[in-house]
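Taking it in order: structure first as structure tokens, then the write-up.
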Amino acid sequence: MAFDIEVIKSVYERMPERVNAARQLLGKPLTLTEKILYSHLWENPATQTFGRGADYVDFAPDRVAMQDATAQMALLQFMQAGRPKVAVPSTVHCDHLITAKVGATTDLAVANDESKEVYDFLASVSNKYGIGFWKPGAGIIHQVVLENYAFPGGMMIGTDSHTVNAGGLGMIAIGVGGADACDVMAGLPWELKWPKLIGVKLTGKLSGWCSAKDVILKVAGILTVKGGTGCIVEYFGEGATSMSCTGKGTICNMGAEIGATTSTFGYDESMERYLRATGRADVADLANGVKEHLTADAEVYANPEQYFDQIIEIDLNTLEPYLNGPFTPDLATPISKMKEEAAKNGWPTKVEVGLIGSCTNSSYEDISRAVSLAKQVSEKNLKPKADYLITPGSEQVRFTIERDGFLDIFDQIGAKVFTNACGPCIGMWDRMGAEKQEKNTIVHSFNRNFAKRADGNPNTFAFVASPELVTALAIAGDLTFNPLTDSLTNENGEAVMLDAPSGFELPAKGFAVEDAGYQAPAEDGSAVQVAVSPTSNRLQLLDPFQAWEGTDLTNLRLLIKAKGKCTTDHISMAGPWLKFRGHLDNISDNLLIGAINFFNEKANEVVNQETGKTDTVPATQRAYKAAGIGSIVVGDENYGEGSSREHAAMEPRHLGVRAVLVKSFARIHETNLKKQGMLALTFADKADYDKIQEADKIDIVGLTSFAPDKSLTLVLNHADGSKDEITVNHSYNDQQIEWFKAGGALNIIRKSVA
Ligand code: MIC
Ligand code: SF4
């Protein structure tokens, strides 16, 4: 039986009435996205319609998922909400803190030892407050959620940007910061700006070397890393229904890489098959009973241009395998053009390592297709040229692929299997020699490839591809190898071609697992003690941030004017810093260390304007804080893209930065800043970015009449005595302005508890 089946039942029971009411209200056929959103309004039935990209709306999500690296902050905040139990079913997944080095068993034991304090904290908080706990080694949050919790038509939030993966099973699943999760677990509504809708029509059928991953790699190339901002992407068409449920998950997963709020697919037979295969026939039966509400109305998919704000059409019959990268997931190159592009751009073409797995591509189907290539190594007398590493997404998948002999085949090509965890995808990869910072190329089936992400080496060129293509490129050891047209020379000196991959959507013998790694919470957790040592360097209880002083902010220093891409990996690096995710003061020592200073083009080197001396970003900001001087951070386009980690907002807040002013924000980061009581501002005229000078003293004027849709003014007092006044915009609504005034949303929850 599925977890929380009663919740699913009640969602389906009320869905028909709510969907019908919304259809009447809107007076038009509904997209799937609208059906799910309207049936999850905080106040139901709907009495008004909402403006796409305009109105903030309160929702009541069905569940919350958290991974260990973000759960620590989410739960430290939740502990202050004064509730005995979470208000909606919630889970914690231990997947981000395990370093991939030697291999699964050893690495897991090391992590259990190293992060014992954090795991014990998470386990006891979960036990106390009624949260399901998935132990280290159980798997990656999004794979475990897809296998156990996701259900068609449901709404979920999760403290990880790839929560969107559950769209593969027809959910609206959205990545958020921990403070948002805290609200929902505390029984409060969750707010989101009503999204715009992008429809992606998939015609034709995947075959040969193409997989679901290539669909999203192509979409990323079309929409770029910010093209999905503020939008939900709904996929449909014969190409959608003919693809597996886990393939749909891959597509939705990487919707995070185009900035989309989430992506989803209508309920179909592939989802029903997946539900039944993963032990949830009960959910499939219930879903079948409300089928018509779990996909868009027929008119919508027949005339999509009338119902979506933007339409993209992709013909799967003519799709090519893609390789996206380096350094950004939207630089899409079809494999047939790679020779040309690599030569033109000087990308190193020798592939050193191929890595498969991650939350994006860990399904049974993915692994079986990769195996079909690995098998050909011995059959064709080939010798793989690159190292090959695997991080399975869950113990259930790992156990099943072991039973079915796949791990043995990988073993024959010298593959190494790491723990079922994020590992190299999030910089938890102790890669030998990375510290030498040599220029090199890796290919992986993950989702992100920002600089330094996998191994900390800024000169590692990482390319994202399907597990099949990664496997072929690892065998060839060459980034420009096109398996559709090129041959390889085998150990006998013969030219051989790789046969196109083939695999199984689901295991013929069913999934199996001995210990999935789940720990249920206590029925009554009131007696459970949660201890945080005051001397811990991993965990720190949170002190409330100070409320706004009630005046305009004057004499702010420019901490850094960041140039170009500034993702959350640049603002609050992961890898070695993940260990401080529960300790705000310690992790603040990584503040913006990856951002490039506009004035000297260097990372982590800024001028302290009080002393005139050059120092690191965190040290400079700590000095400003000690002197009681506020500061401001300036950034470029899509600032804060990538992760949901609220540390990227809490660290500047903790160290005394008052505002972040950028050309544009990524959605989750902008909300995180607001939640933590920061000012998130955008240039009214993007060209004003050029007016910000290094030694400016900056005033933010208009805060005493801070109101929705009303611009603020920044006065730039330049060092030579001249001044510039620029207009800055914001997207705060009344409620969010209250967060700013209170010094953060949590201060308001705290007050209501006290
Ligand atoms: C990521 O893929 O960047 C992460 C690590 O999963 C993050 C969450 C985090 O920073 O803890 C995400 O995507 O939200
Ligand atoms: Fe983990 Fe990577 Fe997935 Fe993030 S993207 S959840 S780090 S596997």
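Taking other residues whose beta carbon is less than 9 angstrom from the beta carbon of Leu553, and scoring Lys, Arg as +1 and Asp, Glu as -1, yields -2. Non-local lysine pairs in region 154-259, meaning eight or more places apart or on different chains, with alpha-carbon distances under 27 Å, amount to 20.
Sorting Met432, Met156 by solvent-accessible area of protein heavy atoms yields Met432, Met156, largest first, with a 1.4 Å probe. Taking each residue as 0.36 nm, the span from Lys28 to Asp113 lengthens on full extension beyond its C-alpha to C-alpha distance by 24.9 nm.
Remark: relative contact order (region 267-340) = 15 percent; criterion is Cα-Cα distance under 8 angstrom and separation of 6 or more residues. Could you tell me the distance between the Cα centroids of region 672-692 and region 331-391, to the nearest Å? Rounded to whole Å, the Cα centres lie 40 Å apart.
Computed with the Debye formula from one identical point scatterer per Cα of region 571-706, without solvent, the log10 of I(q)/I(0) at q = 0.09, 0.10, 0.15 Å⁻¹ comes to -0.25, -0.31, -0.73. Computed over neighbours whose Cβ is under 15 Å from that of Ala527, the net charge equals 0, Lys and Arg +1, Asp and Glu -1. Among Met1, Met15, the sequence by solvent-accessible area, most first, with a 1.4 Å probe is Met1, Met15.
Under 17 Å of direct C-alpha separation, and excluding same-chain neighbours fewer than eight residues apart, Lys85 reaches these aspartates and glutamates: Asp4, Asp62, Asp180, Asp183, Glu523, Asp524.
Given 0.36 nm per residue, what is the gain on full extension from Ala626 to Ile311 after removing their alpha carbon distance, in nm? Between Ala626 and Ile311, full extension yields an extra 108.2 nm. Applying both filters, DSSP loop and at most 12 other Cβ atoms within 10 Å, to the GluC sites (Glu not before Pro) of region 403-498 gives Glu438, Glu491, Glu494.
Paramagnetic label reach from Asn729 (point 7 Å along Cα→Cβ; backbone nitrogen cut-off under 16 Å): within region 637-666, residues 637-639, 661-666.
For region 412-465, which whole-number percentage of the solvent-accessible area (1.4 Å probe, protein heavy atoms only) is attributable to carbon and sulfur atoms? That share works out to 48 percent.
A Cβ-based charge dipole, computed about the Cα centre of the chain with Lys and Arg at +1 and Asp and Glu at -1, lands at about 820 debye. The lysine pair tally for region 304-435, using Cα distances under 24 Å and a gap of 8 or more places or different chains, is 17. Of the trypsin sites (Lys or Arg not before Pro) found in region 194-246, the ones in coil according to DSSP and having at most 15 other Cβ atoms within 10 Å of their Cβ are Lys205. Here is how the number arises for the chain: DSSP H runs of 4 or more residues each give -39500 (n - 2.57), the sum is divided by the residue count, and the result at 222 nm is -9000 deg cm²/dmol. Only Lys, Arg, Asp and Glu carry charge here, each on its Cβ (+1 for the first two, -1 for the last two); on that basis region 37-143 has a dipole of about 180 debye about its Cα centre. Entry note, the chain: relative contact order of 14 percent, from Cα contacts under 8 Å with a spacing of 6+ residues. Shown for region 585-678: the carbon plus sulfur share of the solvent-accessible area, taken with all protein chains present and a 1.4 angstrom probe, equals 47%. Take the chain with all the other protein chains still there, run a 1.4 Å probe, and you get 34 Å² of accessible area per residue. Along the charge dipole of the chain, pointing to its positive end and built from +1/-1 on Cβ of Lys, Arg, Asp and Glu, which listed residue (Gly103, Gly630, Pro84) has its Cα farthest out? Comparing the listed Cα positions along the dipole, Gly630 ranks first. Note on Glu305: accessible area is roughly 120 Å² with a 1.4 Å probe, heavy atoms of protein only. Can you give the net charge of the other residues whose Cβ lies under 10 Å from the Cβ of Gly130, counting K and R as +1 and D and E as -1? Counting the neighbours of Gly130, the net charge comes to +1.
Surface composition of region 301-391: carbon plus sulfur atoms hold 45% of the accessible area, using a 1.4 angstrom probe and ignoring ligands, DNA and RNA.
The values are calculated or read from the model by the stated rules, or taken from the named source; none is laboratory data. Not measured: the values here are computed from a predicted model. Glycine gets a Cβ as well: all are built from the backbone with ideal geometry, and neighbour counts include every protein chain shown. When the accessible area is computed, the model is the full protein with side chains, heavy atoms only, and any ligands, DNA or RNA have been set aside. Shrake-Rupley method; radii C 1.70, N 1.55, O 1.52, S 1.80 Å.
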